[in-house]
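Written out below as structure tokens is the structure these notes cover.
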Amino acid sequence: LEVLQMEQMLTTGGGWQDPIGGLVGGVKYIETEPGLKPRPSIHPLDPHLFQDPEPSACFTLFYTGRTRLAKNILQEVVARVNGMEPAYLFTLRGLKELAHEGREAILARSIPRLAAVLDRSWRSNKLIHPATTNADIEALRTDLKGLYLGMKLLGAGGGGYALFLSESPAQAERLRRRLQ
């Protein structure tokens, strides 16, 4: 809670998810009710996809080389939520459902299901804010098509890190060679 309060005082626009992710180890599903003071419920998940050598080799984390500040994006997102824009709120509710689907994919140990969640999440992120993507990111996705099942930028998007999920370790290795 103190990290969240400090981020708010610094006007960086951070939320509660990152501090909790860092404080509580492992694969987890976190939920909380709306409010100024989050009271999260943390549910540990099966770490198989992320720890077993075969499925974990299907994940590729790639730094895009583009930096960005999340602050402006997050401020606009909050303003649109507070404005109660119906289409916007519908998309945000869809993200909540995607979190449930992601949890189920992890519990089922299903790479294809989790990859589909990543891709749907990416499409939703682009609807939420146009700065989530840019021409370079879209060109990267197009260039790498066929080497991954699902991809999304982490955080607010626009740059930073991209997470790719390939069908097999061999496909992921081809992706990594292409990225180099």
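Readers should treat all values here as calculations from the given coordinates under stated rules, not as data from a laboratory. Since the model is a prediction, treat every value here as computed from it, not as a measurement. A quick note on method: Cβ atoms are made from the backbone with ideal geometry, for glycine too, and the neighbour counts reach across all protein chains shown.
At a Förster distance of 41 Å, what's the computed FRET efficiency of residue 176 paired with residue 84, Cβ-Cβ distance as r, to 0.05? Calculated transfer efficiency: 0.40. What is the distance in Å between the Cα centroid of the range 166-180 and that of the range 97-154? Taking the Cα centre of each part, the range 166-180 and the range 97-154 sit 16 Å apart. Put simply, the amide H of residue 149, placed in the peptide plane, has neighbours under 5 Å in 165, 166, 167, leaving out anything fewer than 5 places away on its chain.
Counted residue by residue at 0.36 nm each, then reduced by the alpha carbon distance between them, the extension gain from residue 66 to residue 163 reaches 33.5 nm. In plain terms, the chain from residue 145 to residue 30 could stretch by 38.3 nm, reckoned as 0.36 nm per residue minus the Cα-Cα distance.
Using C-alpha pairs below 8 Å separated by at least 6 residues, the relative contact order for the range 114-155 is 69 percent.
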